[in-house]
Amino acid sequence: NAGVTQTPKFRILKIGQSMTLQCTQDMNHNYMYWYRQDPGMGLKLIYYSVGAGITDKGEVPNGYNVSRSTTEDFPLRLELAAPSQTSVYFCASSYLARRVTDTQYFGPGTRLTVL
Amino acid sequence: GKQLNQSPQSMFIQEGEDVSMNCTSSSIFNTWLWYKQDPGEGPVLLIALYKAGELTSNGRLTAQFGITRKDSFLNISASIPSDVGIYFCAVHGNKLVFGAGTILRVKS
């Protein structure tokens, strides 16, 4: 198993550009999550999905969109990039979320800079 | 909103020393988690705590769930260079909420 994979690893965007951060997991997990990590801060939840076709907002969803057309993929879209979106983005997945033993597995992250 | 306070923010210790860090909240939580993030990687779960007062070990790591359910601490004994990284506490409600992290640097 590759686990959770994310692409790209690094990206620099100009203000107003758009891009999609890709996330794929091969563990057949139902739940997938997108977090952002700002310097000196913990991870903040952007969006999450409990299964294909179902998504919901997290703590900081503004400026982002997601879709979940398959169990494996959970792309995160930035439509009009802003400097405030400069951050490291982590995708994670878990089999379930009702039990605390359902560990979230994290991808390696995408480092995004908006200039 | 829910807020976790982690301390210290960073530590720079000598190899072989013991390390202690803690996490507090103004709210009660029924589960406390400790994650480690290596440089350039995503967080990995180290220890999960489910009962107030519980003390759990994972190798050189020991974590305790405070009796008030508002705090937890993590101890690392006999630190080694590969212990460097960021240690996050997290609490589990409907979703994970993370603290800001403790940065650990170990001097050989």
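Any read-out appearing in this document is the output of simple, stated calculations on the displayed coordinates, not a laboratory observation. The structure presented is a predicted model; accordingly, all values stated were derived computationally and were not measured. FYI the Cβ positions are ideal-geometry reconstructions off the backbone, even for glycines, and counts take in every protein chain you see.
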Q) For the protein assembly as shown, rounded, prolate or oblate, judged on the Cα gyration tensor with a ≥ b ≥ c (square roots of eigenvalues), a/c < 1.5 rounded, else prolate if a/b > b/c? A) prolate
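Net charge within 14 Å of B:Ile86 by Cβ-Cβ distance, Lys/Arg positive one each and Asp/Glu negative one each, not counting B:Ile86 itself? Don't skip to the answer; put the middle values down first.
Working: positive: B:Lys36, B:Arg105; negative: A:Asp38, B:Asp38, B:Glu41, B:Asp83.
In short, -2.
Multiply the residue separation of A:Ser84 and A:Leu115 by 0.36 nm, subtract the distance between their alpha-carbon atoms, and state the gained length in nm to one decimal.
On the way: separation 31, 0.36 × 31 = 11.16 nm, distance 0.97 nm.
10.2 nm is the gain from fully extending A:Ser84 to A:Leu115.
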Q. So which chymotrypsin sites (Phe, Trp or Tyr not before Pro) in segment B:27-108 are both in a DSSP loop and have at most 15 other Cβ atoms within 10 Å of their Cβ?
A. B:Tyr50
Q) Which order do B:Ile103, B:Ile86, A:Ile15, B:Ile76 fall in if you start with the one that has the fewest other Cβ atoms within 10 Å? A) A:Ile15, B:Ile103, B:Ile86, B:Ile76
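I need the calculated FRET efficiency for the pair B:Glu15 and A:Gln17, taking r as the beta carbon distance and R₀ as 45 Å, to the nearest 0.05. Walk me through the numbers on the way to the answer.
Details: r = 45 Å, r/R0 = 1.00.
The computed FRET efficiency comes out at 0.50.
By count of other Cβ within 10 Å, fewest leading, how are B:Val19, B:Val97 ordered? List each step's numbers first, then the result.
Values: B:Val19 20, B:Val97 23.
Ascending number of Cβ neighbours within 10 Å: B:Val19, B:Val97.
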Q) Among the lysines in the protein assembly as shown, how many pairs, 8 or more places apart or on different chains, have alpha carbons under 27 Å apart? A) 27
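If each residue's Cβ is checked for other Cβ atoms within 10 Å, how do B:Ser82, B:Ser20, B:Ser72, A:Ser94 rank with the fewest at the top? Before the final figure, lay out each step's value.
On the way: B:Ser82 8, B:Ser20 13, B:Ser72 28, A:Ser94 20.
So the residues, fewest neighbours to most, are B:Ser82, B:Ser20, A:Ser94, B:Ser72.
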Q. Counting Lys and Arg as +1 and Asp and Glu as -1, what is the net charge of the other residues whose Cβ lies under 14 Å from the Cβ of A:Ser67?
A. -1
Q. Among the trypsin sites (Lys or Arg not before Pro) within segment A:1-99, which fall in a DSSP loop and have no more than 13 other Cβ atoms within 10 Å of their own Cβ?
A. A:Lys9, A:Lys14, A:Arg98, A:Arg99
